[in-house]
Amino acid sequence: MTGESARPIGVFDSGIGGLTVLRALIEELPHERFAYLGDTARLPYGTKAAETVVRYSVQAADALMDYGVKCIVVACNTACSVGLESIRERVRPLPVIGVIGPGADAACLTSRSGHIAVIATERTVSGGAYQQAILERRPEARVSVLAAQLLVALAEEGLSEGPIAESIARHYLEGLFGAADAHFKLEAGAAGTPVPDTLVLGCTHFPALIEPIRRAIGPRVTIVDSAATTARALRRELGARDLAAPGGASSVRFVATDGVERFARVGSRFLGRTIAPEEVELIDL
């Protein structure tokens with residue numbers, strides 16, 4: 001590889017949740033090099049003021065620029081919800097891909113009734129980015145949003161199964177979808193019942209809790225995880241700009257702002273392969 005196409009793809013999140021997006025990127029783009037930054041010293045972004053999230057996001061993008069990246073994937077729904085345009089302005093003319101647009105695309109294409117639910121962090125919900133993105137693509141849609149901050153903590157602690165995960169998933173979701181028999185109510189959905197037929201996982205931590213979420217909402221609701229759609233959007237963007245790596249093996253450079261051992265231990269679950277602590281570089285933003 002030579003020139004621009006040989007440079008790595010920068011990916012960042014407030015912590016380790018974005019490793020679910022990185023996993024999808026590696027699967028979709030097996031010849032690319034990646035630099036992943038988890039701002040673990042300042043997580044979570046989801047409970048912070050918008051101005052703070054924008055500042056942190058721009059600083060993370062600046063740090064990735066130091067690694068010579070050819071584009072940036074913002075693998076953090078909260079950062080996308082309030083900081084995407086600031087990041088684009090900062091790194092222009094590099095392409096910047098967020099996770100909200102691809103997730104909204106998938107939800108709008110998937111939903112039969114047009115009633116789409118989104119679970120996310122407090123900041124993503126209050127920022128309204130998913131609501132706006134969905135309604136831009138499907139103006140007649142009905143969008144129900146729900147802040148589910150405790151699910152982030154569950155994922156971070158590795159409590160993705162068992163009675164605690166089941167109870168908290170039901171706590172958040174039964175009010176919107178009904179009890180676990182919500183799939184029966186969907187049969188009447190066209191007649192006006194309020195049950196959504198599509199659920200967007202609006203936080204990169206939430207795929208780790210897919211099983212308790214599924215049991216809480218029933219089998220008929222389509223779950224949209226934006227990781228795969230983001231990966232496809234990036235592949236198209238790289239192709240259009242002639243930036244795709246023509247060959248070679250994939251590699252990842254891991255960077256964290258705190259807790260190298262914890263990043264490696266918990267991140268291994270999110271990425272689906274072992275991350276050794278010595279693979280993780282510690283930096284200060």
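The values are calculated or read from the model by the stated rules, or taken from the named source; none is laboratory data. This one's a predicted model, so the numbers in the text were calculated from it and none came from an experiment. Backbone-built Cβ (ideal geometry, glycine too); neighbour counts: all protein chains shown.
Return a yes/no flag: does the range 144-155 have any residue that is part of a strand (DSSP E or B), buried (at least 19 other Cβ atoms within 10 Å of the Cβ) and assigned by TED's automatic domain parsing to the domain that holds residue 197.
Yes, the conditions are met somewhere in the range 144-155.
Condition check: buried (at least 20 other Cβ atoms within 10 Å of the Cβ) and modelled with pLDDT of 95 or more. Does residue 9 satisfy that?
yes
Which of the residues spanning the range 261-285 are over 16 Å from residue 204 (Cβ atoms) and touching an Asp or Glu at 6+ places or on another chain (Cβ under 8 Å)?
264, 277, 282, 285
Has the range 75-89 got any residue that is within 23 Å of residue 225 (Cα to Cα), surrounded by fewer than 18 Cβ atoms within 10 Å (Cβ to Cβ) and free of Cβ contacts under 8 Å to residues at least 40 places away in the same chain?
Checked the range 75-89: at least one residue is within 23 Å of residue 225 (Cα to Cα), surrounded by fewer than 18 Cβ atoms within 10 Å (Cβ to Cβ) and free of Cβ contacts under 8 Å to residues at least 40 places away in the same chain.
Which of (1) surrounded by fewer than 16 Cβ atoms within 10 Å (Cβ to Cβ); (2) modelled with pLDDT of 95 or more; (3) not in a helix (DSSP H, G or I) is the odd one out, the single condition residue 254 does not satisfy?
Result: residue 254 fails condition (1) only.
Restricting to the range 1-12, count the residues that are touching a residue at least 60 places away in the same chain (Cβ under 8 Å) and part of a helix (DSSP H, G or I).
Count: 3.
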